[in-house]
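The values are calculated or read from the model by the stated rules, or taken from the named source; none is laboratory data. Here the structure is a predicted model, which is why all the values come from computation and not from measurement. Here Cβ is always computed from backbone atoms with ideal geometry, including for glycine, and neighbour counts include all displayed protein chains.
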Amino acid sequence: MRRNPEYISFTWECPECHETFNVSYFSLATSGNPICPDCDEECELIDNRDEDFEAELKKAYQNALLVQSACNLSGVVNAFSRSLSALQGSGFKTDAIRSHPISILFSDKISSLVGRSTPLMFTEAYRECEAQK
Ligand SMILES: [Zn+2]
């Protein structure tokens, strides 16, 4: 049986904030490549995979590093939110999430974007994310 192309979707990722979007074949054919509403950037096609918590956590480590060069506060906060969900999904509890290297890197970036950089053991957290990504 052929699948209705309207229900076949592809996963796209914003190159700036790494937000992902599922776009149907039908929508793609009529509207073209999706644009990130936060960053106004054209998204890139990524593999349509079933990610488990381990893969989500790896992605969170990578995003904690990638957002260090981002300039869009909304995009960074969205990526932070997804990373917190990945930490929760991986079994981290509230206190462990608050002091986690991923949380430290994201919160430092947000602090810096709003002009209030704080000494949050940034270097140590950065090394940990590099090691775990
Ligand atoms: Zn974006």
Quick one: which residue in 55, 86, 29 is more than 10 Å from the ligand (Cβ to nearest atom), assigned to a helix (DSSP H, G or I) and modelled with pLDDT under 85?
29
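For the stretch 10-26, give me each residue that is in a strand (DSSP E or B) and more than 18 Å from residue 59 (Cα to Cα). Step through it out loud before you land on a result.
First pass over the stretch 10-26, keeping only residues in a strand (DSSP E or B): 10-13, 20-24.
Hits for the stretch 10-26 are 10, 23, 24.
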Please specify each residue of the stretch 1-23 satisfying the condition of being modelled with pLDDT of 80 or more and either among the hydroxyl-bearing types (Ser, Thr, Tyr) or assigned by TED's automatic domain parsing to the domain that holds residue 68 (or both).
11, 20
Among the numbered conditions (1) away from the ligand (no atom under 11 Å from the Cβ); (2) modelled with pLDDT of 90 or more; (3) in contact with a strand residue (DSSP E or B) (Cβ under 7 Å, 6 or more places away or on another chain), tell me where residue 69 comes up short.
(3)
Can you tell me which residues in the stretch 89-100 are within 19 Å of residue 65 (Cβ to Cβ) and either part of a helix (DSSP H, G or I) or hydroxyl-bearing (Ser, Thr, Tyr) (or both)?
90, 97, 99
Give just the number: which of (1) surrounded by fewer than 17 Cβ atoms within 10 Å (Cβ to Cβ); (2) in contact with a strand residue (DSSP E or B) (Cβ under 7 Å, 6 or more places away or on another chain) does residue 93 not satisfy?
(2)
